[in-house]
Amino acid sequence: MNLDFSPEDLAFRDEVRAFIAQNYPEGLRERQEEGEEMSKEDFLSWHRTLAQKGWVAPAWPEKYGGPGWTSVQRYIWSEETARADCVPILPFGINMVGPVIYTFGTPEQKERFLPPTLSGEIWWSQGYSEPGAGSDLASLKTKAERFTGDDGKDYYLVNGQKTWTTLAQHGDWIFCLVRTDPNAKIQEGISFLLIDMKSSGVTVRPIITLGGEHEVNEVWLENVKVPVENRIFDENKGWTCAKFLLAHERSGIAGVARSKRGIERIRQIARTELSDEGDALIRDPMFKRKIAELEIDLAALEYTELRTLAGEAAGKGPGPESSVLKIKGTEIQQRITELALEAAGHYGAPYFRGFPKDGDNAHPIGPDFAHRAAPTYFNVRKTSIYGGSNEIQRNIIAKMVLGL
């Protein structure tokens, strides 16, 4: 694994930096700096800009609209977008269902769904978790019963509930795991369906998080009619698609580049905030130790990610090592938010949902970062749960890597 950038890689890095500086939406930058909640249009403005450039799907093959980048170029891209504090491209279409469609889909499905996924015309939601099936995903209860319609075509009638569906209030389509054979073994009776969220019987209800945001939702499916042609891969073989998707999701959750940027912010904060002794927090031995430990762990995680990228470049897909990336990546993200809250001190609490509201002339006291420290800390508690809880990931490593 060669860690030295070639002249071509350095030229690519300069191109990326110049493109971001010249094309990142100014209004989006202002909303980020103010800590405002992102609208659908905010997310799509950067997505569309990258789609026009051909850079929105770094890992996609060229024949499906990807840029044809090497693993090193993809690494540089993630580093530079994190360094510039760019809004991440939402993963549900580009990183999750897109690869499932171009790997398992029919030619007709690829032609129908891949171009609008790249352009941002379709906003995808993920219909995996249910009230009784989270990390134990194969226990899902949402059922799809096959029937022939009056028009002579085959359909599924879908009934069930999905939960923790991120940004489903903006969704156009949702990819769902559904049970198509209730009598099969638990993982063998599942199918992978694409469902139009404008269909009759689809209801989205908000869940307000501890941080006060409307980020996640419940999605109810009541007698939703779905054409069989919207099923990806074979009936009752959706678990194959699910495992493939989860491996890609877990690799992406690691967030190494953005964690590096997060540690930089902690250092900046610690240079100006004071400890109980009245000196700069960065001089506090215990706080310095916590930052150093974070940096060491993140460096080790980065090398693991680079090895994974090198393996992908050699034709290997993400395997059990994606569980390592998921565990350590999310734990590091949580530790960063803990340090931010510690640095905020009493300015970080209490946190009042929705404060300050638009038009308020009352604003939080203390440093600018402090009023977001607590809600961010609360929100990031989820990272060790979604994508398969870290406890489940340890079981996967024990079985698939250690052979226990």
*So what are the ³J(HN,Hα) numbers for the stretch 14-25, from phi and the Karplus equation (6.51, -1.76, 1.60; θ = phi - 60°), rounded to whole Hz, Gly and Pro as x?*
5, 5, 5, 4, 5, 5, 4, 4, 8, 10, 5, x
*Using only C-alpha atoms and all pairs of different ones, pull out the Kirkwood radius for the stretch 7-89 in Å with one decimal.*
13.5 Å
*Taking the highest mean first, how do the peptides 212-222, 146-156 order by number of other beta carbon atoms within 10 angstrom per residue?*
212-222, 146-156
*Protection proxy ranking of 49-57, 323-331 - average other beta-carbon atoms within 10 Å, highest first*: 323-331, 49-57
*Provide the solvent-accessible area of PHE369, counting protein heavy atoms only and rolling a 1.4 Å probe, rounded to the nearest 10 Å².*
50 Å²
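Students sometimes get this wrong: rank HIS47, HIS170 by accessible area, probe 1.4 Å, all chains present, largest first. Could the numbers behind the result be given before it?
Values: HIS47 20, HIS170 40 Å².
Of HIS47, HIS170, the descending order of accessible area is HIS170, HIS47.
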*Give the accessible area for LEU301 in Å² (nearest 10); use a 1.4 Å probe, count only protein heavy atoms, and leave out ligands, DNA and RNA.*
10 Å²
*Taking every eigenvalue of the Cα gyration tensor of the chain, multiplying by 5 and rooting it, what semi-axes result, largest first, whole Å?*
37, 25, 22
*Based on the alpha carbon coordinates of the stretch 124-236, what radius of gyration and maximum Cα-Cα distance (Dmax) apply, in Å?*
14.0, 49
*Calculate the dipole size of the stretch 36-82 relative to its Cα centre from +1 charges on Lys and Arg beta carbons and -1 charges on Asp and Glu beta carbons; express the result in debye to the nearest 20.*
340 debye
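Give me the accessible area per residue for the chain, probe 1.4 Å, as a whole number in Å².
50 Å²
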*Any idea what the dipole of the chain comes to, in debye rounded to 20, about its Cα centre with Lys/Arg Cβ at +1 and Asp/Glu Cβ at -1?*
860 debye
*³J(HN,Hα), Karplus 6.51/-1.76/1.60, whole Hz, each residue of the stretch 229-239, x for Gly, Pro*: 5, 8, 7, 8, 6, 6, 4, 6, 10, x, 5
*Virtual spin-label span in nm between ARG29 and ALA300, 7 Å along Cα→Cβ*: 3.8 nm
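What do you reckon, how do PHE92, PHE378 stack up by accessible area (1.4 Å probe), largest on top?
Values: PHE92 20, PHE378 80 Å².
Of PHE92, PHE378, the descending order of accessible area is PHE378, PHE92.
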*Sulfur and carbon atoms: percent of accessible area, the chain [1.4 Å]*: 51 percent
_Residue-level accessible surface for TRP173, protein heavy atoms, 1.4 Å, Å²_ = 30 Å²
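Could you work out [θ]222 nm for the chain from helices alone, using -39500 (n - 2.57) per DSSP H run of at least four and dividing by all its residues? Round to the nearest 500 deg cm²/dmol.
-14500 deg cm²/dmol
The values are calculated or read from the model by the stated rules, or taken from the named source; none is laboratory data. Note that this is a predicted model, so its numbers are computed, not measured. Methodologically, a virtual Cβ is constructed for each residue, glycine included, from the backbone with ideal geometry; neighbour enumeration extends over all protein chains shown. Areas reflect the complete protein model, heavy atoms only, side chains present, ligands, DNA and RNA absent. Shrake-Rupley method; radii C 1.70, N 1.55, O 1.52, S 1.80 Å.
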